[in-house]
Structures are given as C-alpha cells and as structure tokens.
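Quick notes on the structure that follows.
The values are calculated or read from the model by the stated rules, or taken from the named source; none is laboratory data. Please read all numbers here as calculations on a predicted model, not as lab measurements. Don't worry about glycine lacking a Cβ; one is built from the backbone with ideal geometry, like all the others, and counts go over all protein chains shown. Surface areas here come from the heavy atoms of the whole protein model, side chains and all, with no ligands, DNA or RNA. Shrake-Rupley method; radii C 1.70, N 1.55, O 1.52, S 1.80 Å.
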Amino acid sequence: MPPWGAALVLLAALALLGLLAPWLRRPGRLAVGARTLPGAGGQGHKEEVYGRSPADQLSDGREPLPGGCRLICKPSALAQCLLRAFRRSAALEPGPRSWLSGPHLQTLCHFVLPVGSGPELAREYLQLADDGLVALDWVVGPCARSHRFTNAGGLPAVLLVIPNAWGRLTRNVLGFCLLALERGYYPVIFHRRGHHDCPLVSPQLQPFGDPSDLKEAITYIRFRHPAAPLFAVSEGSGSALLLSYLGECGSSSYVTGAACISPVLRCREWFEAGLPWPYERGFLLHQKIALSRYATALEDTVDIGKLFRSRSLREFEETLFCHTKSFPISWDTYWDHNDPLRDVDEAAVPVLCICSADDPVCGPPNHFLPTELFHSNPYFFLLLSRHGGHCGFLRQEPLPAWSHEVILEYFRALTEFFRMEEKMKGLSRRRASCLGGRRRWGTLPKREVSPSSYLEEIFSWKRSYTR
C-alpha cells in the first residue's frame with residue numbers, strides 16, 4: 001500500500017474514533033463533564049472539568065497558569081523564573097473554541113494531514129564510527145531572519161529537533177522549525193538510520209533509547225558551531241532518544257536547555273499496555289511501510305516474515321531488536337539498556353515537558369507520567385494542559401501551535417536566567433577580591449552574603465553542567 005493510502009486508512013479510522021471514544025479509553029481514563037461555577041452578579045458559567053481531574057490531581061492545585069495549565073516542578077530559583085515567564089505568556093491565554101479542540105482531531109491533524117510546502121532544507125549525511133549514516137537537515141529558508149536569538153557572545157543559537165521514533169516528519173515539526181528560523185535560531189533536524197530517505201548502509205537500526213548516534217551528531221554540530229548555544233527539542237516517542245542522551249552525558253552534555261513535546265516517559269509500560277487500536281494500527285502500518293524498502297538488507301539479521309506479520313507495536317519492536325539472528329536478548333534486557341529514564345538522576349540540563357491531560361496516545365497522566373520525577377528533580381519541569389491531544393496543541397490558523405511559542409519563551413527565559421546568574425557570580429568574585437585587598441590594611445569587615453548565595457540557600461538549585 002502506498003504511503004498516501006496508509007494515511008487515508010488512518011484518517012478514516014480516526015474519524016470513526018470520535019464516535020467510539022467512550023468504548024476505546026484505556027482503563028482508568030476519566031470522563032469529561034461540566035460543572036457550573038458562580039460568576040459575577042450571581043451569573044453562572046460553565047467550566048469543563050475532569051471527574052477528579054488528572055491535571056488538578058497531579059499538581060495539587062499549585063502553580064496555576066493561564067489557559068488552565070499547571071507547572072509541576074521542584075521549587076527552585078529557575079522554577080520561579082519560568083513561572084514568571086509563563087504567567088506573562090500570551091501563548092497560554094485561552095482562545096476561542098474551534099473544531100480543532102478535540103484530542104483526536106488535534107492528533108489527527110498533526111500526524112495524518114499533508115505536510116505542505118514546508119521549509120527549505122539543506123541535508124548533510126554524517127558517517128558514524130561503525131560506518132552507519134544519519135542525516136542532518138539544516139533549515140535554511142524560505143524566510144529571512146528579522147532578528148537573531150543570541151547568547152551573551154552575540155552568536156545565534158542552534159536548535160536541534162528530534163522527530164518521533166517512527167521517522168515521520170510531521171506538520172508540527174516543520175512548523176516549529178519555520179517559527180524558530182523566524183526568531184533567529186539555526187534549526188537542524190536529526191534523522192536516524194533509514195529514516196526520512198536517509199540510506200541504510202549497514203543492517204543495523206537504532207534502538208528506541210540508544211543515544212550513541214545522537215552523541216556523534218551533537219559532537220559534529222558542536223564542531224561546526226563551537227561557541228553557539230545549543231538547544232534541543234523532541235517530539236513524542238523521539239523524546240526517549242533525547243532523555244537517554246541527557247542522562248548518559250550528564251554534566252558533559254553540550255546542550256544548554258531541552259524541551260519534550262508529549263514525551264513517552266514510561267516507555268516499556270506504554271509498549272506493553274498498547275494504544276487504542278486506530279493509533280496502534282496506524283503507527284504499526286507506517287513502520288512496516290518504511291522498513292519494507294530495507295527488507296532484503298535486514299533479512300540476514302531479522303526474521304523478516306515475522307516482523308511484517310507483527311500485530312502490535314510491542315511485537316514489532318521485540319522482533320526487530322530482541323529476536324535477532326546474531327545476538328538475541330530478552331525483553332527485560334532490552335529495556336535495561338533503552339529506558340530513557342535509566343540515568344535520569346545524572347541529567348544536568350533543564351528539561352521542559354509539555355503534556356496534555358487528554359492525550360489519546362500516551363494515556364491519562366496519572367498512569368503514564370512519573371510525577372515523582374518532577375517533584376524531586378530540580379532539572380525537570382512539567383507543563384500540563386487540559387487540552388492538546390498528542391503533540392497537537394493547535395490553535396486557529398494561521399497561528400502556530402501554542403507549544404511552539406511556549407518552548408521558545410522557555411529558552412529565552414533560560415538564557416536570561418543563566419546570564420543573570422553569571423553576572424551575580426562575577427559581582428561576587430569582584431567583591432571577594434576587594435575584600436581580600438582590604439584585609440591587608442585593616443580588620444576583617446563583616447561578611448556579606450551575595451544574592452546568588454542567598455538564592456542557592458533558598459532553592460538549592462545550581463547549574464552543574466560543564467561547557
């Protein structure tokens with residue numbers, strides 16, 4: 001079946017899903033209802049709520065933001081800075097309701113509708129240490145940069161974009177790249193082996209959470225732009241790759257800040273629980289079509305017949321990476337090496353996760369979001385909205401997805417926070433130098449506590465990664 005035929009099949013299935021949604025919810029999904037709240041002058045107004053709303057339940061009613069969003073995080077100086085930035089954000093302000101408000105339509109428009117013209121891309125192929133190939137698509141047009149987002153040294157920031165794990169370049173990814181280009185970033189899209197017309201020159205694909213190829217790509221980007229700040233954004237299931245990289249590299253990461261749109265965080269449970277059948281079948285069909293061109297190259301390492309007879313995403317993943325002919329491993333061993341949160345305590349880069357309480361692909365947040373991570377780790381921030389679907393967060397055309405605006409505002413707030421932190425540290429060093437000179441001539445003056453030390457004592461947040 002051609003790719004457009006697969007899109008039509010998924011389009012029809014998801015259109016039917018709107019009628020069958022009450023019967024296709026995962027266990028534990030809570031129904032949407034309405035309640036009337038008192039308004040001004042005795043008038044009542046209706047507010048959509050979830051029966052025991054997951055968004056309210058997870059955030060315990062703290063850190064409310066415009067548009068019904070919640071920021072879930074550990075208190076810190078950076079958390080306060082981001083909270084102030086989000087409260088001023090126009091992107092979070094609720095807009096008029098439209099036909100795109102439903103979670104399935106948000107997801108459908110994102111994955112199925114044609115991409116359109118898109119930006120102009122300049123492709124580079126990067127040969128890896130094992131002779132494999134990955135692709136880097138640098139966004140070079142069509143718009144001109146009206147103003148560039150720079151660091152303290154005046155260099156434009158590089159923005160690394162990681163698509164979903166299925167290799168599909170979606171409308172939202174390309175739209176985000178165009179918006180970032182307009183704001184002065186240098187966007188570059190990372191494609192795995194065999195994805196998006198990247199040749200598969202060796203019979204080896206990249207496992208779900210193995211960041212080895214991404215490490216080499218980031219090292220090359222750093223070589224090309226050694227002094228420019230590097231930000232990273234991932235979409236959906238592609239977040240496993242980014243989080244694995246941040247955990248493995250720890251304080252040696254070259255990334256200044258990262259963001260994940262609708263990340264799949266509990267990946268093993270997500271594969272084992274399965275998705276609602278239209279999404280499961282659609283994603284599975286897309287992967288089979290993408291790999292069908294490499295069937296001959298993979299037949300020496302994988303049971304091709306069993307692979308294309310797979311009836312679930314778990315069976316497909318297990319056949320492709322666990323039941324290999326050369327080095328078979330168990331399902332447990334596979335996730336010991338590919339769980340994106342296996343080294344999460346080593347991550348030393350701020351990460352913003354934007355999730356929706358009505359995500360039909362990831363499921364309800366109280367089942368598939370490890371909220372203890374955001375409450376205990378000062379580097380992880382969860383922006384949880386009531387609506388948005390999976391990687392959707394769409395608004396009325398021609399406005400871009402509000403998640404794109406929020407991510408760029410988040411990067412701007414990070415840069416300002418680090419700039420002020422370095423400035424305070426510089427003032428503290430100069431003050432210490434002056435005090436050291438005075439000690440030669442007089443008595444030791446009373447010790448003054450610097451503003452940065454005061455914030456660290458209150459919020460216990462420190463920037464610990466190296467450059």
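Multiplying the sequence separation of Asp131 and His225 by 0.36 nm and subtracting their Cα-Cα distance, what value in nm do you get? Display every interim value, and only then the final one.
Numbers: separation 94, 0.36 × 94 = 33.84 nm, distance 2.36 nm.
Difference between extended and current length: 31.5 nm.
Express in nm, to one decimal, how much length is gained between Thr333 and Phe308 on full extension, taking 0.36 nm for each residue of separation and deducting their alpha carbon distance.
Details: separation 25, 0.36 × 25 = 9.00 nm, distance 2.31 nm.
Stretched fully, the Thr333-Phe308 segment lengthens by 6.7 nm.
Got a sec to turn the phi values of region 257-271 into Karplus ³J(HN,Hα) couplings, 6.51 cos²θ - 1.76 cosθ + 1.60 with θ = phi - 60°, whole Hz, x for Gly and Pro?
Rounded to whole hertz, the list is x, 9, 9, 10, 9, 6, x, 9, 9, 9, 5, 4, 4, 5, 5.
Can you give me the C-alpha center-to-center distance between region 228-300 and region 365-389, rounded to a whole angstrom?
18 Å
Rounded to whole Hz and in sequence order, give me ³J(HN,Hα) for region 172-178 from the Karplus expression 6.51 cos²θ - 1.76 cosθ + 1.60, θ = phi - 60°, writing x for Gly and Pro.
Residue by residue, region 172-178 yields 5, 5, 5, x, 5, 4, 5 Hz.
Once the other residues with Cβ under 12 Å from the Cβ of Leu285 are scored (Lys, Arg +1; Asp, Glu -1), what is the net sum? Don't jump to the answer; show the numbers that get you there.
Numbers: positive: Arg168, Arg281, Lys288, Arg311; negative: Glu280.
In short, +3.
Sorted by accessible area with a 1.4 angstrom probe, largest first, how do Glu346, Glu405 fall?
Working: Glu346 110, Glu405 30 Å².
The ranking, largest first, comes out as Glu346, Glu405.
Can you give me the long-range amide H partners of Ala259? Hydrogens built in the peptide plane at 1.01 Å from N, cutoff under 5 Å, separation of 5 or more residues or another chain.
Amide H to amide H, under 5 Å and 5 or more residues apart or across chains, Ala259 pairs with Ala232, Val233, Ser234, Leu352.
Going highest first, how would you order 127-139, 252-264, 326-338 by mean Cβ packing within 10 Å? Could you put the intermediate results ahead of the total?
Numbers: 127-139: 17.4, 252-264: 24.4, 326-338: 12.9.
Averaged packing, sorted descending, gives the order 252-264, 127-139, 326-338.
What percentage of the solvent-accessible surface of region 272-339, computed with a 1.4 Å probe over protein heavy atoms, is contributed by carbon and sulfur atoms? Display every interim value, and only then the final one.
Numbers: 1760 of 3410 Å².
On region 272-339, the fraction of accessible area on carbon and sulfur atoms equals 52 percent.
Using alpha carbon coordinates only, what is the Rg to Rh ratio of region 256-377, with Rh defined as the Kirkwood radius?
On the way: Rg = 16.5 Å, Rh = 16.4 Å.
Expressed as Rg/Rh, it is 1.01.
With the crude spin-label approximation of a point 7 Å out along Cα→Cβ, what separation in nm comes out for Lys425 versus Ala90?
Between Lys425 and Ala90, the label points sit 3.5 nm apart.
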